[in-house]
1. Looking only at residues in region 227-265 that are free of Cβ contacts under 8 Å to residues at least 60 places away in the same chain and assigned to a strand (DSSP E or B), which one is surrounded by the fewest Cβ atoms within 10 Å (Cβ to Cβ)?
2. Looking at M160, is it closer than 28 Å to S266 by Cβ and crowded, with 19+ Cβ neighbours inside 10 Å?
3. From the set of residues in region 136-195 that are among the small types (G, A, S) and in contact with a His (Cβ under 8 Å, 6 or more places away or on another chain), which is nearest to Q225 (Cα to Cα)?
4. Scanning region 117-144 for residues that are surrounded by 13 or more Cβ atoms within 10 Å (Cβ to Cβ) and either in the same structural domain as K335 (by TED's automatic domain parsing) or among the charged types (D, E, K, R) (or both), which turns out farthest from the ligand (Cβ to nearest atom)?
5. Enumerate the strands (runs of 3 or more DSSP E) found wholly within region 162-226, keeping only those where 2 or more residues are of a type in the set (S, T, Y).
6. Between a first residue in region 104-115 that is under 18 Å from S236 (Cβ atoms) and a second residue that is small (G, A, S) and not in a loop (DSSP other than H, G, I, E, B), which pairs have beta carbons less than 7 Å apart while being 6 or more apart in sequence or on different chains?
7. For the subset of region 145-157 comprising residues that are within 16 Å of the ligand (Cβ to nearest atom) and buried (at least 17 other Cβ atoms within 10 Å of the Cβ), which member is farthest from A244 (Cα to Cα)?
Amino acid sequence: MRVLVLGAGQLARMMSLAGAPLNIQVSAYDVNTETVVHPLTQAVLGKGLLSAIEACDVITAEFEHIPHHVLDTCEQSGKFFPSADAIKTGGDRRIEKALLEQAQVRNAKYHVIQTRADLDKAIEHIGTPMVLKSALGGYDGKGQWRLKDPELANNIWLEMEQCIEASDNQSIVAEEFVPFTREVSLIGARGKDGSIVTYPLAENIHTDGVLSLSTAIADPELQQQAEQMFSSVAKSLNYVGVLALEFFDVDGTLLVNEIAPRVHNSGHWTQQGAETCQFENHLRSVCGLPLGSTKLVRETAMINILGEDTLPDELFKMPGCHIHWYGKEKRAGRKMGHINICGDYSGELQRRLCALANVLDSQAFPAVHDFAKNFSA
Ligand code: AMP
């Protein structure tokens, strides 16, 4: 089976690694250079979308900000999964919010803003504090504003107006501020036959809007809520593939923050922690194969490596420690790789996270250091 992934980043790379034992060959289409590249070496394998479509059996995507003409061309081939609509939904907060409403899935109250008058209407409708997010192109907390007091609206409007005018079809989505106790996410897969599997929830810690630590958790009550919402969203989209739902946990009640129609950073722990990892299950779904077990096989946490291209050698000696580099050039804040740290039981995982804090730099890995501080407190 030959799978073409739209996007040539680390997610395509990890799909390629997961596909190899199943004889699934993954190539990646770089939408910026319009070339097909090898997902591990980045060696150029071909040029042009049409020949790439011709040369594969299945097409999928590793990110949602893909030009619509590329998505539509792929859709016309009949080989594209999940679907152009699903990817467009994940890439536009307006469509995403409308979908959540239609699927009757709990989410934060919102209002779409195009003009200064709309901002006043949003304040009236939602109240303050509120969070404002660009409808298109925002990720990892980029393109976001906070409004604490209506009197300060003019201060942020100028920047928001520039954002709206800078690209076609841009708006701002205003959302009520959700006083969450923590953030969790659910990764699951839906097969071509409509079957669904979901992984245990992950609790996610963000640093400056970017995911830094993700830990698989056992919470049957929250898990049930999350799975119900997952099923509603996946069915509404007639979804095929891995889908991620990010939630706010407000004292035991989940609200969807956003959806990602793809394998997700908060599911990287499944490479060591689950019987079948998210990358393999995504390939299985889009290739029409039966889905693999999502059973937790060991307690696992994932730590993102941001803007660093080396790690202390001590990590190689630590039991349960698995390093995954993405082969990227170093840039400040860039996702360069991740560490999966495992334990046979929760106490062992916690001790190993504390041991990691002893060898990792506190500036580069603040979430691990915070964990260790709280653990010993
Ligand atoms: P997002 O890009 O939508 O995932 O937002 C980035 C981060 O901003 C989230 O992980 C939350 O920590 C925070 N955030 C986003 N939306 C809200 C909201 N409505 N209320 C409170 N915090 C939010």
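The values are calculated or read from the model by the stated rules, or taken from the named source; none is laboratory data. Please read these numbers as outputs of a predicted model, since none were measured by experiment. Glycine also receives a Cβ, built like all others from the backbone with ideal geometry; neighbour counts cover every protein chain displayed.
1. For region 227-265, the residue satisfying everything is A244.
2. No.
3. By that ranking, first place goes to S185.
4. D120
5. 210-216
6. Q104/S232; V105/S232; Y110/A174
7. Once the filter is applied, the top-ranked residue is L147.
Residues checked against (1) over 26 Å from I95 (Cβ atoms); (2) small (G, A, S); (3) within 15 Å of the ligand (Cβ to nearest atom):
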site: E159; (1), (2), (3): no, no, no
site: C163; (1), (2), (3): no, no, yes
site: A166; (1), (2), (3): no, yes, no
site: E176; (1), (2), (3): no, no, yes
site: E183; (1), (2), (3): no, no, yes
site: K192; (1), (2), (3): no, no, no
site: P200; (1), (2), (3): yes, no, no
